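Engineer: Okay, handing you the structure first.
The values are calculated or read from the model by the stated rules, or taken from the named source; none is laboratory data. Just so it is clear, the structure is predicted and the values come from calculations on it, not from any experiment. Virtual Cβ from ideal backbone geometry, glycine too; neighbours counted across all protein chains shown.
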């Protein structure tokens, strides 16, 4: 298990070394609350989920650096880490934006700790991001080993559980609540039976029927993996999504249909990009407008509509047109709207489309080529370089973009925007 340390904060430090050693807090959409912290921010008492407006004074007093979520930067840095891992290992399974499982072979490095150090040092050299490496015979134990590597400086970020002489002692000191796959409710249930740590859970394998009754099949697999018996290999391929959602809170409440349709057109564009990225098409589109539930506490504040398609498509203009019509159905003048979403469902591979002889809205070869061309332009020059007029022709930051997120502390997108590339001035 390879896990980037304080990933969001570390990404910010790569391009701004002045932040090294300073407490950093990353805010959620619209700069609402804290979603990530550096170790220094944790030590300063900044809590996860802390509302920015309530902690503003504390941030200033303790010198906490605030940053808005820079998803373009984080996503690209994650991609670079994963590509580095693919170069260094046999196969990898991308588990999250900052975590991956990798298969290591002793044919390359007889000493797995040396192998882990190579991975750690190479990722830091190529990306500037610090990582922790946990090595074990199963995924569950690799997560435990990674936690040990991260929390104990003496291991220098790499811990090989397979070579540890005191495995049971290590598991004895590992709380059951921190085991991968053990949630809050299951932790409470296990505690009632006297199971407080990973070693006690490991020993419960002597009564498999009890384990299966209390923890179901997935829990039994966890116990088997704690005993060093792999129950799941690497999932190297990427599964296609069954539903694609694009949703945002508006930077300011909206009251007019035109702005809402513009926002929905942008969300639809993003959703269809994801759809085409997995070579799929969708047969249903649903939009939802969300008002302020406190305006009428007992009244309805979520309004949605959907439209099935006779022939599935990934053609953005067709989807935008439908989304705008659905917005007209649910929009009510005078109502305040705070959020909107677009959901694509009925997703199938584009090679398995059942055509309709009488439907004029077929996802034709011409439409497919047009979308492919737009995607290539945006992949090369940056998102929204080729955009649809329905999403708005004004630039980001324009006061007319009332629905855009508030990102008052946003750093530059150093790796994905030509106009935001880092400039190094010679002395």
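Engineer: Look through 193, 159 and report the one residue that is assigned by TED's automatic domain parsing to the domain that holds residue 39 and at pLDDT 90 or above.
Structural biologist: Of the residues listed, the single one that is assigned by TED's automatic domain parsing to the domain that holds residue 39 and at pLDDT 90 or above is 159.
Engineer: Something else about it: Restricting the search to the stretch 52-70, which residues are surrounded by 13 or more Cβ atoms within 10 Å (Cβ to Cβ) and without any contact (Cβ under 8 Å) to a residue 40 or more places away in the chain?
Structural biologist: Residues satisfying the conditions are 52, 55, 58, 59, 62.
Engineer: Quick check on residue 49: is it in the same structural domain as residue 149 (by TED's automatic domain parsing), assigned to a loop (DSSP other than H, G, I, E, B) and either touching a helix residue (DSSP H, G or I) at 6+ places or on another chain (Cβ under 8 Å) or crowded, with 19+ Cβ neighbours inside 10 Å (or both)?
Structural biologist: The answer is no for residue 49.
Engineer: Only one of 72, 25, 36 is in a helix (DSSP H, G or I) and either touching a helix residue (DSSP H, G or I) at 6+ places or on another chain (Cβ under 7 Å) or modelled with pLDDT under 90 (or both). Can you tell me which?
Structural biologist: One residue alone meets the criteria, 72.
Engineer: Out of all the residues in the stretch 158-205, which are under 25 Å from the mean Cα position of the chain (by Cα) and loosely packed, with under 14 Cβ neighbours inside 10 Å?
Structural biologist: 178, 183, 184, 185
Engineer: Next question. If residue 180 satisfies every condition in (1) assigned to a loop (DSSP other than H, G, I, E, B); (2) more than 29 Å from residue 124 (Cα to Cα) but one, which is the exception?
Structural biologist: For residue 180, the exception is condition (2).
Per-residue answers, yes or no, for (1) in contact (Cβ under 8 Å) with a residue 24 or more places away in the chain; (2) under 28 Å from residue 364 (Cα atoms); (3) in the same structural domain as residue 313 (by TED's automatic domain parsing); (4) surrounded by 22 or more Cβ atoms within 10 Å (Cβ to Cβ):
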| residue | (1), (2), (3), (4) |
| --- | --- |
| 257 | yes, no, yes, no |
| 271 | yes, yes, yes, yes |
| 281 | yes, yes, yes, yes |
| 286 | yes, yes, yes, no |
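Engineer: Is there a residue being touching a strand residue (DSSP E or B) at 6+ places or on another chain (Cβ under 7 Å) and part of a strand (DSSP E or B) anywhere in the stretch 251-262?
Structural biologist: yes
Engineer: Restricting attention to the stretch 1-29, which residues are within 21 Å of the chain's Cα centre (by Cα), crowded, with 21+ Cβ neighbours inside 10 Å and over 22 Å from residue 119 (Cα atoms)?
Structural biologist: 24, 25, 26, 27
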